[in-house]
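A.B. asks: The structure that follows is given in the form of structure tokens.
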Amino acid sequence: MNKIRMIALAACMAATLDASAQEQEIRLFSHRGGRMEHDENTLSAFQASYDAGYRGFETDIRMTRDGAL
């Protein structure tokens with residue numbers, strides 16, 4: 001492939017990637033319910049995050065010795 005075709009192909013690919021990046025949705029997640037504002041991993045922290053508009057939540061789940069989550 002000659003140099004001009006390679007440059008043209010690269011330009012087309014860059015334009016395509018840029019266009020698809022513009023169409024992506026930004027999603028915000030609440031990490032442990034907002035550890036700087038509330039006690040981590042509490043229902044009140046997650047409720048406050050939900051009230052603030054967050055719809056994605058991250059929390060830690062651990063298993064106890066008796067096998068319960």
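Readers should treat all values here as calculations from the given coordinates under stated rules, not as data from a laboratory. None of the values given here were measured: they were computed from a predicted structure. All Cβ positions, glycine included, derive from the backbone under ideal geometry; neighbour counts span all protein chains shown.
A.B. asks: What length, rounded to one decimal in nm, is gained on full extension from Glu58 through to Thr42, with 0.36 nm per residue of separation minus their alpha-carbon distance?
C.D. replies: Working it through step by step, the gained length comes to 4.6 nm.
A.B. asks: Next question, about the same structure. Give the dimensionless ratio obtained when the Cα radius of gyration of region 25-69 is divided by 2.2 N^0.38 Å.
C.D. replies: Compactness ratio reported: 1.30.
A.B. asks: If packing is taken as the average number of other Cβ atoms within 10 Å across a peptide's residues, how do 36-44, 56-64 rank, most packed first?
C.D. replies: 36-44, 56-64
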